[in-house]
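Have a look at the structure below, then the notes.
We did not get these values from a lab; they are worked out from the coordinates using the rules stated. Given the structure is predicted, the values throughout are model-derived calculations rather than measurements. Neighbour counts run over all protein chains shown; Cβ positions are idealised from the backbone, glycine included.
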Amino acid sequence: MRKRKSDTGQQAGDKILDVNASMQGTLRFDDPVNLRISGKFEGTLDTKGILLIGNKADIKANIVGEAISISGRVSGNIKAGKSLKFESSAILTGDIETPNIAISEGAVINGRIKMSETGKKESVASRGDWLNTNQLAEYLEVDEHKVGEWASGGVLPGTKEGGEWIFERSKVDQWIADGKVKTKG
């Protein structure tokens, strides 16, 4: 039976990339995407946006993501920056780190759970490719308020998470290479 978009909690305009295949390797999305994996996957998953692991999925991977919902079988550690949900059919063998977790009756989890108080802030700080406003101001050698102005004005590529700006280093480096900033000197 095919699920309607409303059954998966998605808005009508949202698109879902549905992977129903057997794959190996590293799957990384730098931009937010709604990804559903319904088949077999082995390797590493690094996603932004919503990751749905279908009830027939068999995943052998360490997973880093924002909002993750699991209905199938996963062997590997999971780090969710915003939320992690286990449906009743979910089976996990691995450790979990997330600020928010929901576990339906019947789900099986074999591993440790670490609940972070700061959620996305801690997740961003732990990843070397992301900078907060203060770190970016030091990196660019400009005032922290100037970074906030550029981000708020859409001049500087950034994302607002929990009321604070965060910046992906590779996008900032490209912004600098394109000559869109003049730093001190």
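Computed quantities for the displayed model
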quantity: Extended-chain gain in nm, criterion 0.36 nm per residue less alpha-carbon gap, Val33 and Ser170; calculated: 47.5 nm
quantity: Cβ-based exposure ranking for Thr26, Thr133, in which fewest neighbours within 10 Å come first; calculated: Thr26, Thr133
quantity: Relative contact order (%) - criterion: Cα under 8 Å, at least six apart; region: the range 5-117; calculated: 15 percent
quantity: Distance between the range 128-165 and the range 65-94 - C-alpha centres, whole angstrom; calculated: 31 Å
quantity: Reciprocal mean inverse distance between Cα atoms of the range 128-177 - Kirkwood radius, Å; calculated: 10.6 Å
quantity: Full-stretch length increase - Asn55, Asn100 - with 0.36 nm per residue and alpha-carbon distance subtracted; calculated: 14.1 nm
quantity: Asp178-Glu141 pseudo-label distance in nm [points 7 Å out on the Cα-to-Cβ vector]; calculated: 2.3 nm
quantity: Of Lys48/Lys82; Lys79/Lys171; Lys48/Lys160, pairs whose Cα-Cα distance is over 20 Å; calculated: Lys79/Lys171
quantity: Sites Ser75 and Thr159 - FRET efficiency at Förster radius 30 Å, r taken between beta-carbons, to 0.05; calculated: 0.45
quantity: Residue order, fewest to most surrounding Cβ atoms within 10 angstrom, among Ile91, Ile50; calculated: Ile91, Ile50
quantity: Size descriptor, Kirkwood hydrodynamic radius, that averages inverse alpha-carbon separations across the range 5-117, Å; calculated: 13.8 Å
quantity: Trypsin sites (Lys or Arg not before Pro) within the range 67-115: DSSP coil, no more than 15 neighbouring Cβ in 10 Å; calculated: Arg112
